[in-house]
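We did not get these values from a lab; they are worked out from the coordinates using the rules stated. Source: prediction; values computed, not measured. When we count neighbours, we look across all protein chains shown, and the Cβ atoms used for this are built from the backbone with ideal geometry, even at glycine.
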Ligand code: PXP
């Protein structure tokens, strides 16, 4: 089957490096332009509550400078929704957030937080912004997301990526994503995926027929130190393309 998988490149860690010294470089906008010129379909950024990498000013500059759409990742609370509706990116993905975590360690627990989420997300679901939720590949989470009226999910691929690096339970983790993407598709949801994806582990995810978008950050930015951002993106894009043919 010939499919096209959209690639969102997450540039949070360009800002992490900049913020390590509190100055102006590396320039986040310059990185965003390279991402666009390299053929990425979207720029993904996570404005965290502690602003440890991307901040509102970066978000504003990216939105003002780029032509490709922005996928804004935020925590599901009123402060962050206010920011999203003020800046109006094309896509918003709700992610869980815990200030002490190094990165987003798992999916949002939509089942447990269903009532609170249905209240908090009400206003943004009435806007033009296309909303998705970052969840673990789990049937109950998918059903709850659908019940919220959200039609796009992004599967957290962290457990699969960890299994891959330990060379243990890879098939089990992959099967979970595969089976849940079939279930999600059956009930009419779009499936994206991301977290911990690399040149080595991305092909098996890109080969899953119901995955339509991948969001990849840390590995691409890390690889770009050695190979240049454009080369890293082109190589990732090529691996995804070959795997999805
Ligand atoms: N997708 C979402 C929703 C994320 O929050 C992140 C960052 O944790 C990613 C994709 C990209 O993950 P990574 O930086 O590990 O590629």
**Item:** Solvent-free Debye scattering, log10 I(q)/I(0), computed from the Cα coordinates of the stretch 37-82 at q = 0.27, 0.32 Å⁻¹
**Value:** -1.06, -1.25
**Request:** Before rounding to the nearest 500, sum -39500 (n - 2.57) across all DSSP H runs of length at least 4 in the chain and divide by the residue total; then give [θ] at 222 nm in deg cm²/dmol.
**Result:** -14000 deg cm²/dmol
**Request:** Under 1.5 on a/c is rounded, so check that first for the stretch 23-154, then, if it is not, pick prolate when a/b is larger than b/c and oblate when it is not; a ≥ b ≥ c are the square roots of the alpha carbon gyration tensor eigenvalues.
**Result:** prolate
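Most exposed first by the Cβ proxy, i.e. fewest other Cβ within 10 Å, how do 58, 171, 50 rank?
Details: 58 21, 171 11, 50 8.
Ordered from fewest to most neighbouring Cβ atoms within 10 Å, 58, 171, 50 come out as 50, 171, 58.
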**Request:** Arrange 225, 124 by Cβ neighbour counts within 10 Å, fewest through most, would you?
**Result:** 225, 124
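Checking the a/c ratio against 1.5 first, then a/b against b/c, what shape does the Cα gyration tensor give for the stretch 1-82? Don't skip to the answer; put the middle values down first.
Values: a/c = 2.01, a/b = 1.29, b/c = 1.55.
In terms of gyration-tensor shape, oblate.
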**Fill in**
Cβ density ranking, 10 Å radius, fewest first, applied to 181, 38 yields 38, 181
**Asked** Counting DSSP beta bridges in the chain, what percent are antiparallel, to the nearest 5?
**Response** 0
